[in-house]
1. Would a scan of segment 171-185 turn up a residue that is within 14 Å of the chain's Cα centre (by Cα) and not in a strand (DSSP E or B)?
2. Kindly check whether there is at least one residue in segment 147-164 that is assigned to a helix (DSSP H, G or I) and under 25 Å from the mean Cα position of the chain (by Cα).
3. Take the conditions among the basic types (K, R), in a loop (DSSP other than H, G, I, E, B) and either crowded, with 22+ Cβ neighbours inside 10 Å or touching a residue at least 24 places away in the same chain (Cβ under 8 Å) (or both) and apply them to R197. Does it pass?
4. Given the structure, is L124 aliphatic (A, V, I, L, M) and within 24 Å of A25 (Cα to Cα)?
5. Quick check on this structure: which one of K144, K126 is farther than 17 Å from T368 by Cβ and assigned by TED's automatic domain parsing to the domain that holds A435?
6. Within segment 232-243, does at least one residue satisfy the condition of being small (G, A, S) and in contact (Cβ under 8 Å) with a residue 60 or more places away in the chain?
7. Scan F324, F261 and give me the residue that is part of a helix (DSSP H, G or I) and surrounded by 16 or more Cβ atoms within 10 Å (Cβ to Cβ).
Amino acid sequence: MNEVIKTLTDFVKIESVKSDPQENAPFGLKIREALDFILNAAQSFGLKTNDLGGYAGEIEYGSGEEVIGILAHADVVPLGEGWTRAQGEVFENRIYGRGTVDDKGPIVAVLYALKQIKDEGIKLNKTLRLIIGCDEESGCECMKYYQKLGRMPETGFSPDADFPLIICEKTIFHVKAFLPLDNFWQNNILELKGGLRPNMVPAQAQIKIKKSALPPYYSELVQKYQAKTSEDDETITLKFSGVSAHGSTPREGKNAIWKVFGFLVDAGAWGVTKSIKHYLLNENACKNMGIYIDDGQRSGDQTLNVGTANYNKDYNTLELTLDFRCPIPQKPQNILNRLNDLFKGARFEVSHHQPYLYADPESFLVKTLLASYEKVMGTMGAKGIITGGGTYARYLRSGVAFGPTFEGENPRIHNADESISIDSLKKLIEIYKEAMINLAK
């Protein structure tokens, strides 16, 4: 496993966050570096590789006409704050770093599974193709480009979620909200900003406000919301901390922007401020809006993450990014209609929309993957589960997400100290090897 560990630690040290496009690097030089790293590793193993202009890469083994796709991504979300371990550090049988689970660890696991299949001379009737995208975290332009090339396989899986298998991925619906504010904001608020991405629960947010707008008891509110402060004669800046999590699982985090609005409302800023908090910035927001649906075991319930916030003082407007994860019965247009009803004069722009995925539990793909998982894990009765996350599996005609997170694990995806245990990494290689052989034989 030493070689596997070295490959993953080197891979996660490349901070492959999207940046300005460059020649042959449409998503920035760091993502280009990460793609080159893994393609070079595959070439050293004697596997066939293909670079598609920096949008995506391919690693293949086998020569059958039918292709089984394994779709993963080399880009990652920003590190954020709060890390206690260095990127690529190995500590107490765990590898730390952004992407160890989402999604560089699975790429490395699939790569070494392919290497083992090749080195053992296992005969396949189909071609196995690891497709490495470069823009999964920021809109999937990589897969849109790949689809246009006509190279997308019919079937396969994406190692970018949970085991045993994802039977349903909710609809993903991102909305940019531009909310007009009142005189309280125009006269008293100088700055508000928070969050990094729509699909991350914000761990940090801050506001700069005139002291004259605060009540005499504001120091009690500072303590209540555990804010850090800095001030001058006329203004005070308050910095609020939360706990980051994936935007598809907002209940696992603590939204720092919620704290900003909790502080403001408690300090007496009612009106539009209270409405925004009531309808968008609390655990019951979807119910308060009247859009909550719970589809039970088929596709789960409605969630909302407010991922970023920015106060535009020139226009006295609050700009929010809203990340809705919707069960099958939910119609995104109903959400838009409700937002327009609640916030008169506001503007809403749809920035991203991925319809839901629901896989046939009786399909060859699902049955084969679950059987492979059960064989390696020594269990029986594995069933598909629901996720609010979105994976490349949606780009396959017949596809599902399959791993890499095992039941009971907390890999802290999109959070500080994301990590994978070495034992889990070893198990991933076994499962993906078994699954790919069974799909391609």
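The values are calculated or read from the model by the stated rules, or taken from the named source; none is laboratory data. Quantities reported herein were computed from a predicted structural model and do not represent experimental measurements. All Cβ positions, glycine included, derive from the backbone under ideal geometry; neighbour counts span all protein chains shown.
1. Within segment 171-185 (the criterion being within 14 Å of the chain's Cα centre (by Cα) and not in a strand (DSSP E or B)), the answer is no, since none of the residues qualifies.
2. yes
3. Details: among the basic types (K, R): yes; in a loop (DSSP other than H, G, I, E, B): yes; either crowded, with 22+ Cβ neighbours inside 10 Å or touching a residue at least 24 places away in the same chain (Cβ under 8 Å) (or both): yes.
When the stated conditions are applied, R197 passes them.
4. When the stated conditions are applied, L124 does not pass them.
5. Step by step, each of K144, K126 is checked, and only K144 is farther than 17 Å from T368 by Cβ and assigned by TED's automatic domain parsing to the domain that holds A435.
6. No: zero hits.
7. F261
So that you can scan it fast, the table gives a plain yes or no per residue for (1) more than 26 Å from the chain's Cα centre (by Cα); (2) more than 28 Å from E154 (Cβ to Cβ); (3) β-branched (V, I, T):
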site	(1), (2), (3)
R325	no, no, no
I328	no, no, yes
L339	no, yes, no
A346	yes, yes, no
A359	no, no, no
T368	yes, no, yes
K375	yes, no, no
